[in-house]
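The values are calculated or read from the model by the stated rules, or taken from the named source; none is laboratory data. None of the values given here were measured: they were computed from a predicted structure. Cβ coordinates were reconstructed from backbone atoms using ideal geometry, including for glycine residues, and neighbour counts include every protein chain displayed. Side chains are part of the model used for accessible areas, which takes the heavy atoms of the whole protein and leaves out ligands, DNA and RNA. Shrake-Rupley method; radii C 1.70, N 1.55, O 1.52, S 1.80 Å.
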Amino acid sequence: MTPTRSQPAYRSIFTPSTSRERQENFEAYWLFSRSNSGELFEEEKDLSKKRERLRYFREHPVRSRQPLPEPAAFYRNYLDLTDESTRLDRKTLLLLCIYKFARNEWVGISGAWDTARPMARATKVTHKISRYHLAEEFCHVRYFDEMFRTFRLDKVEWVPLDPARQRMYRIFPHLPGAIMEAPAFVTELMGVTFYRHVDRLLNDVFGDEPQARDRVRALLYEIMVDELAHIGQRRNFLGPLGVRAARWLVKPVFRGFFAMIGESEQLFDVDQMIRDGLAFDYSGLPPEVLRRSWIPSYCTVSLSATTP
């Protein structure tokens, strides 16, 4: 039984769901998360299967044949954009965008880790999921480090943001769920949308460095497997009102975030990112990512909607 040509394989991430469906999907996601990531090493903010995969990348390093046109330009701009973005080469621009996106994620998860319940006090499945989710995000930061090392950027540091944004990220995890859940979901949706657009640029921007490009893509796909599952996990928190709020938030959140990354305007069409976010239904993603990730049951086409 397969979907007809006119029948999509997936439903929109904004598809209505019942509270029972969402609870069942929390249980399903928790099983997936443990299988996908392995044992949690809480003190190290690490997971056994992610650690093994990172060890593989580090024991089989790939480095670009040539350094960036001006490596100093990356270090000069990776905290704050000091050069005119139009004067930077596309390799440096893309790596700067990746760092600045990841830096915001790192700051956010660092604040959330201190707020989330440790596993010893996690009495609900959602508490356990949150701890694993954050540990996966810390593993992603290590994957990002490998991306930069692939292009011979070995001195990248993860530096706090300005005090106002640091405070915002510290406060956010303490907000009531009714306020926090919709924007938390939208930021996950924005992440996968960003990574999809990065993936589309890799062949063009790093076409003269095929081995390094393929290593960056492999690292990116490791991150996307988790982030794709995180979209569905965060979607489980949203009832009808939350879904409507999330749809409304997509445009201002995407636009506001990328306005803070000056380099992005030289590489990305933010309006298209917004359209992609609003239309998100899991179609068009790399098959190897979809195969390894997790999708909520209410976003998949049931057998009753298929034909032989």
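Take the Cα of Asp204, step 7 Å toward its Cβ, do the same at Arg117, and the gap between the two points is 4.7 nm.
For the options Arg131, Arg291, Arg170, a Gaussian network treatment of the chain with springs between C-alpha atoms closer than 10 Å singles out Arg291 as fluctuating the most. Scanning residues 5 or more positions from Leu47 or on other chains, those with amide H under 5 Å from its amide H are Phe41, with H placed 1.01 Å from N in the peptide plane. Can you show me the helix-derived [θ] at 222 nm for the chain, built from DSSP H runs with n ≥ 4 at -39,500 (n - 2.57) apiece and divided by the number of residues, rounded to the nearest 500. Calculated at 222 nm, the ellipticity per residue is -20500 deg cm²/dmol. Looking at region 166-226, the accessible area is 39 square angstrom per residue; that uses a 1.4 Å probe and ignores ligands, DNA and RNA. Comparing His60, His127, His174 in a Gaussian network model of the chain, where Cα atoms under 10 Å apart are tied by springs, the biggest mean-square fluctuation is seen for His60.
Computed over neighbours whose Cβ is under 14 Å from that of Arg121, the net charge equals +2, Lys and Arg +1, Asp and Glu -1. Between Val159 and His127, the distance separating the two model label sites (each 7 Å from Cα on the Cα→Cβ line) works out to 3.9 nm.
Summed over the residues of region 21-101 and divided among them, the accessible surface reaches 55 Å² per residue at a probe radius of 1.4 Å. The simple Förster model, with R0 at 30 Å and r as the Cβ-Cβ distance, assigns Glu265 and Phe41 a FRET efficiency of 0.15.
Accessible surface ranking for Ile129, Ile295, 1.4 angstrom probe, highest first: Ile295, Ile129.
The distance from the alpha carbon centre of region 112-134 to that of region 274-292 is 27 Å, rounded to a whole number. Highest GNM mean-square fluctuation among Ile98, Ile109, Ile171, for the chain modelled with Cα contacts below 10 Å: Ile171. Annotation: extensible slack from Arg65 through Ala178 equals 35.7 nm (criterion: 0.36 nm per residue apart, minus Cα-Cα distance).
Taking a ≥ b ≥ c as the square roots of the Cα gyration tensor eigenvalues, with a/c under 1.5 meaning rounded and otherwise prolate when a/b beats b/c, else oblate, which class fits region 1-108? Prolate, since a/c reaches 1.5 and a/b exceeds b/c. For region 101-168, the share of accessible area belonging to carbon and sulfur comes to 50 percent (1.4 Å probe, ligands and nucleic acids excluded).
Of the chymotrypsin sites (Phe, Trp or Tyr not before Pro) in region 80-189, the ones in a loop by DSSP (not H, G, I, E or B) with at most 16 other beta carbons within 10 Å are Trp158. Remark: the chain carries a charge dipole of roughly 620 debye about the Cα centre, counting +1 on each Lys and Arg Cβ and -1 on each Asp and Glu Cβ.
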